[in-house]
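The structure appears below as C-alpha cells.
The values are calculated or read from the model by the stated rules, or taken from the named source; none is laboratory data. Owing to the predicted nature of the structure, the values given are computational and were not obtained by experimental measurement. A quick note on method: Cβ atoms are made from the backbone with ideal geometry, for glycine too, and the neighbour counts reach across all protein chains shown.
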Amino acid sequence: MLFNVRKISQALNKGHFFSNIFALLLILSCFTAYAEEIVTLDSIVAIVNEDVITQLELKTEFRAVIKNLKKKQARLPPANVLGKQVLDRMILERIQLDMAKRTGIKVDDTTLSRAINGIAAQNGLSLSQFREGLASQGVDFRQFRDEIKKQILLKRLIQRNVVNKITISDQEIENFLFNVNKQGGMDQSYHLKHILIATPEAASPAVIKKAQAKATEIVKELKTGKDFSSVALAVSDGQNALEGGDLGWRKTGEIPTLFADSVRTMKVGGISDPIRSPSGFHIITIIDTKGAQSHIITQTHARHILIKPSIINDNEQVIQRLKQIRKRIINGEDFGTMAKAHSEDTSSATRGGDLGWFKPGTMVPQFEKAMETLQIGDISEVIQTNFGYHIIEVLGRRAHDDADELIKERARKVLTNRKVTEQTDAFYRKIRDEAFIEIRLDNS
C-alpha cells in the first residue's frame with residue numbers, strides 16, 4: 001500500500017486531519033504498519049516530494065562514488081561529508097525524475113535499445129558481448145538498462161526546460177568574438193577546477209554574508225597549499241563536487257562569463273577570490289593552459305539527382321529509373337539538364353542539381369560516404385538516404401580556409417553551451433527550492 005508521503009506529512013503538521021478523527025486514525029494506522037514494514041527492511045534517509053531515499057540506496061550510491069574516486073586516486077573527505085554530497089546529488093536527481101514524470105517525459109523501448117546498442121558499438125562489442133562484459137564486472141544488465149533510461153530522461157528534461165528556450169543573436173556572436181579576441185582567441189584553452197558555496201534563491205543578507213565568509217576562508221586555506229580537489233569534495237555545492245570540482249578543458253569562449261575576467265588575469269595554479277553570482281560564491285583555479293591550433297578542411301563541389309519513392313513508383317522502379325538516367329549521362333547527355341528534368345530536390349533542381357561547395361559533415365552520412373569514393377567527374381551508382389535515391393557527380397575539391405564561418409559557428413555553439421550551463425544551474429536551484437525535502441540522515 002502506497003501513500004502520498006508529502007501530503008500526509010504536510011497535513012499532519014498543519015492539523016487538517018483533526019476535523020475527521022476517524023479518517024486520521026485509519027490513515028495513521030495504515031501508514032504506521034507500512035512504515036514499520038519499511039523500517040524492518042530499510043530506513044528512510046530523505047523524503048523528496050512523494051518519493052523516499054532509503055539508507056540502502058544511499059549506501060549503494062556512496063560505495064559507487066567511493067569506488068570511482070579511488071580509481072581517480074582522489075583524496076577522500078570524511079565519510080559524513082562525502083555522504084552529504086552524495087545525498088544532495090541523489091535528492092536533485094529524484095526531483096528531476098519526479099518532474100519528468102509529472103510533465104509526461106518518457107523514454108520508449110526503441111530509443112532505449114538504440115542507446116544501449118550505441119554504447120556497445122562504441123566499445124567495439126556486439127550487444128551479447130557487451131552484456132557478458134557487464135556480467136563479468138558484476139553489473140546487472142537490467143540495472144544498467146534502468147540507469148541509461150534515467151540518464152535519457154534527465155537529458156530530455158533539461159532539453160525541454162533549458163536548451164529549447166535558448167536563443168543566440170548575431171549581435172551576441174559579434175560581441176562575444178570581440179571580447180574573445182582580446183583574450184587570445186577562441187583556441188586558447190584552460191583546464192579549470194571550481195568550488196561553489198551555494199546560497200538559496202532570494203537569500204537574506206545574513207545568509208549571503210555567511211556564505212561569503214565561508215568562501216573567503218576557503219580561499220585562504222587553498223592559498224596556503226591545501227589540495228583543491230580535496231576541498232571541493234568536502235565543501236563544494238557545485239555539480240562537479242564529486243569529481244573534485246573538475247570542469248575539464250575549456251576554450252576561452254567556453255568559460256562561463258562569470259569567470260572570464262578572473263581567468264584572463266590568473267596564472268596556472270592561481271586561486272581566484274570569491275566570485276559572486278545568483279547561485280552563491282565561486283572559487284576557481286587554473287590547472288593548465290594550451291594555445292591555439294590550426295584547422296584545415298577540404299570542401300567538395302557536387303551535384304545530384306534525387307527521386308523519391310511514392311505510391312505510384314516503388315523503390316525498385318525508382319532505382320531502375322535512376323539507373324537509366326545515369327546511363328544516359330555517361331553516354332553523353334548533360335547532368336544539369338537531366339537534373340532539371342527529373343530531380344525532386346526542388347532547391348537544387350533549378351540549378352541543374354548543383355549543391356555548391358560544402359564542408360565535411362554537411363550532408364547525411366550515406367551521401368558523404370558515396371561521394372568520398374568518387375573522383376572528380378565520376379557519376380556514382382544509385383545510393384539511398386533518408387531523403388530517397390540519388391546519383392551524384394563530384395565537380396571539384398579544394399582546401400578552403402573558412403575561418404570566419406567556422407569561428408562564427410563555433411561561437412554560436414560556445415554561447416549556447418555557456419547559456420545551457422548557466423541556465424541549467426538556475427533551473428536546478430529553482431526546482432530544488434520548490435521541492436518538498438525532509439532529510440532524516442542524522443536520525444537514520
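Of the residues Pro360, Pro309, which single one is under 22 Å from Gln375 (Cβ atoms), outside any strand (DSSP E or B), touching a residue at least 24 places away in the same chain (Cβ under 8 Å) and under 44 Å from the mean Cα position of the chain (by Cα)?
Selected residue: Pro360, the only one of Pro360, Pro309 that is under 22 Å from Gln375 (Cβ atoms), outside any strand (DSSP E or B), touching a residue at least 24 places away in the same chain (Cβ under 8 Å) and under 44 Å from the mean Cα position of the chain (by Cα).
Among all residue pairs at least 6 apart or on different chains, which show Cβ distances below 6 Å where the first residue, located in the stretch 312-325, is within 13 Å of Ser343 (Cα to Cα) and the second is in a helix (DSSP H, G or I) and among the hydrophobic types (A, V, I, L, M, F, W, C)?
Partner pairs satisfying both residue conditions: Ile325/Met338.
Can you go through Ile271, Ile275, Ile283, Ile307 and tell me which one is more than 30 Å from Gly83 (Cβ to Cβ) and of a type in the set (Val, Ile, Thr)?
Ile307
Go through the stretch 387-411 and give me each residue that's modelled with pLDDT under 90 and not in a strand (DSSP E or B).
Once the filter is applied, which keeps residues that are modelled with pLDDT under 90 and not in a strand (DSSP E or B), the stretch 387-411 yields Asp401, Asp402, Ala403, Asp404, Glu405, Leu406, Ile407, Lys408, Glu409, Arg410, Ala411.
Which of the residues that make up the stretch 129-182 are within 24 Å of Gln423 (Cα to Cα) and not in a helix (DSSP H, G or I)?
Those that are within 24 Å of Gln423 (Cα to Cα) and not in a helix (DSSP H, G or I): Val162, Ile166, Thr167, Ile168, Ser169.
Out of all the residues in the stretch 344-362, is one or more in contact with a His (Cβ under 9 Å, 6 or more places away or on another chain), surrounded by 13 or more Cβ atoms within 10 Å (Cβ to Cβ) and over 30 Å from Leu406 (Cα atoms)?
No, because not a single residue in the stretch 344-362 is in contact with a His (Cβ under 9 Å, 6 or more places away or on another chain), surrounded by 13 or more Cβ atoms within 10 Å (Cβ to Cβ) and over 30 Å from Leu406 (Cα atoms).
Residue by residue, here is whether (1) aliphatic (A, V, I, L, M); (2) farther than 29 Å from Thr362 by Cα; (3) not assigned by TED's automatic domain parsing to the domain that holds Thr373 holds:
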position	(1), (2), (3)
Gly280	no, yes, yes
Ile283	yes, yes, yes
Ile305	yes, no, no
Lys308	no, no, no
Asn313	no, no, no
Gln324	no, no, no
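May I ask you to list the residues in the stretch 371-385 that are over 18 Å from Arg321 (Cα atoms), under 34 Å from the mean Cα position of the chain (by Cα) and touching a residue at least 12 places away in the same chain (Cβ under 8 Å)?
Hit for the stretch 371-385 is Met371, nothing else.
Of Glu147, Glu93, Glu57, Glu50, which residue is within 24 Å of Arg432 (Cβ to Cβ), without any contact (Cβ under 8 Å) to a residue 40 or more places away in the chain and surrounded by 15 or more Cβ atoms within 10 Å (Cβ to Cβ)?
Glu57 is the lone residue from the list that is within 24 Å of Arg432 (Cβ to Cβ), without any contact (Cβ under 8 Å) to a residue 40 or more places away in the chain and surrounded by 15 or more Cβ atoms within 10 Å (Cβ to Cβ).
Does Leu177 qualify as being over 27 Å from Tyr428 (Cβ atoms), touching a Lys or Arg at 6+ places or on another chain (Cβ under 8 Å) and aliphatic (A, V, I, L, M)?
Details: over 27 Å from Tyr428 (Cβ atoms): yes; touching a Lys or Arg at 6+ places or on another chain (Cβ under 8 Å): yes; aliphatic (A, V, I, L, M): yes.
So Leu177 fits the description; yes.
Quick one: is Val65 over 23 Å from Ile195 (Cα atoms), surrounded by 16 or more Cβ atoms within 10 Å (Cβ to Cβ) and in contact (Cβ under 8 Å) with a residue 12 or more places away in the chain?
Working: over 23 Å from Ile195 (Cα atoms): no; surrounded by 16 or more Cβ atoms within 10 Å (Cβ to Cβ): yes; in contact (Cβ under 8 Å) with a residue 12 or more places away in the chain: yes.
When the stated conditions are applied, Val65 does not pass them.
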